[in-house]
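J.: One structure coming up, written as structure tokens, with questions to follow.
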Amino acid sequence: MAVLPVRVWPDPVLSRKAEPVDVIDDAVRTLLNDMAETMYKADGIGLAAPQVGVSRRLVVMDVPGPEGGAGTGLIFAINPRVVAREGACTMTEGCLSFPGLEIDVKRAERVRVEYQDLDGQPQAVDADGVLAICFQHEIDHLDGIVFTERLGPVRRRLALRDYDKLRRAEGDR
């Protein structure tokens, strides 16, 4: 396994719709395992393939449980899609492609997600809480949408200004 470089905004790969995975082979499994190692190394809870420069519909996630309780464990999602949404909530999100930036994003409170696992078997998950938010955030990446695009124009402009300041401060170190 390998740790892959994470692409940061405004890398163009983050704005492209990712291609579906037609064949789940050893190359796809290796990429997913490398993505998981990359996610853990960066202390993330989710990572989409475009974030490592691969425009394919692949996601890895490992969402912690509430207050240190049991989490989801590692999820490999191939060609994931949200098939149902319910309710609304606002949660503070971060993104490995926007290091240091945290913003409040409004999303569906509950989602049903369908995807294929490493063996190509169909899976369905009814998710709420952080898991629902993480699925929506990562699937947005597959559709070429970053979390700042979920904000209104004024909040987006402020968030991008804050991100620019963070990048400049990081460059000064």
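The values are calculated or read from the model by the stated rules, or taken from the named source; none is laboratory data. Note that this is a predicted model, so its numbers are computed, not measured. Here the Cβ positions follow ideal geometry from the backbone for every residue, glycine too, while neighbour counts run over all protein chains shown.
J.: With Val54, Val28, Val23, Val63 as the choices, which residue is aliphatic (A, V, I, L, M) and modelled with pLDDT under 95?
T.: Selected residue: Val63, the only one of Val54, Val28, Val23, Val63 that is aliphatic (A, V, I, L, M) and modelled with pLDDT under 95.
J.: Here's another thing I want to ask about it. Taking segment 45-59, which residues are of a type outside the set (A, V, I, L, M, F, W, C) and either assigned to a loop (DSSP other than H, G, I, E, B) or surrounded by 24 or more Cβ atoms within 10 Å (Cβ to Cβ) (or both)?
T.: Answer for segment 45-59, where residues must be of a type outside the set (A, V, I, L, M, F, W, C) and either assigned to a loop (DSSP other than H, G, I, E, B) or surrounded by 24 or more Cβ atoms within 10 Å (Cβ to Cβ) (or both): Gly46, Pro50, Gln51, Gly53, Ser55, Arg57.
J.: Follow-up question, since we're still on this one. Restricting to segment 90-118, count the residues that are among the charged types (D, E, K, R) and within 17 Å of Arg161 (Cβ to Cβ).
T.: 2
J.: Sticking with this structure for a sec: Looking only at strands (runs of 3 or more DSSP E) that lie completely in segment 77-143, which have at least 1 residues being of a type outside the set (S, T, N, Q), within 14 Å of the chain's Cα centre (by Cα) and over 21 Å from Ala18 (Cα atoms)?
T.: 89-94, 102-107
J.: Further question on the same structure: Please go through segment 1-44 and pick out each residue that is over 21 Å from Thr72 (Cβ atoms) and outside any loop (DSSP other than H, G, I, E, B).
T.: If the condition is that a residue be over 21 Å from Thr72 (Cβ atoms) and outside any loop (DSSP other than H, G, I, E, B), then Pro12, Val13, Leu14, Ser15, Glu19, Asp26, Ala27, Thr30 are the ones that fit.
J.: So which pairs qualify, if the first residue must be in segment 99-124 and closer than 27 Å to Thr148 by Cβ, the second must be assigned to a loop (DSSP other than H, G, I, E, B) and of a type in the set (Val, Ile, Thr), the Cβ gap must be under 9 Å, and the two must be at least 6 apart or on different chains?
T.: Once the first residue is closer than 27 Å to Thr148 by Cβ and sits in segment 99-124, its partners that are assigned to a loop (DSSP other than H, G, I, E, B) and of a type in the set (Val, Ile, Thr) give Pro99/Val6; Pro99/Val8.
J.: Looking at segment 144-158, which of its residues are in a loop (DSSP other than H, G, I, E, B) and either loosely packed, with under 13 Cβ neighbours inside 10 Å or of a type in the set (Val, Ile, Thr) (or both)?
T.: Matches in segment 144-158: Ile145, Val146, Gly152.
Residue-wise test of (1) surrounded by 14 or more Cβ atoms within 10 Å (Cβ to Cβ); (2) within 21 Å of Glu93 (Cβ to Cβ).
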| residue | (1), (2) |
| --- | --- |
| Val6 | yes, yes |
| Lys17 | no, yes |
| Val21 | yes, no |
| Asp25 | no, no |
| Val28 | yes, no |
| Asn33 | yes, no |
| Met39 | yes, yes |
| Asp43 | no, yes |
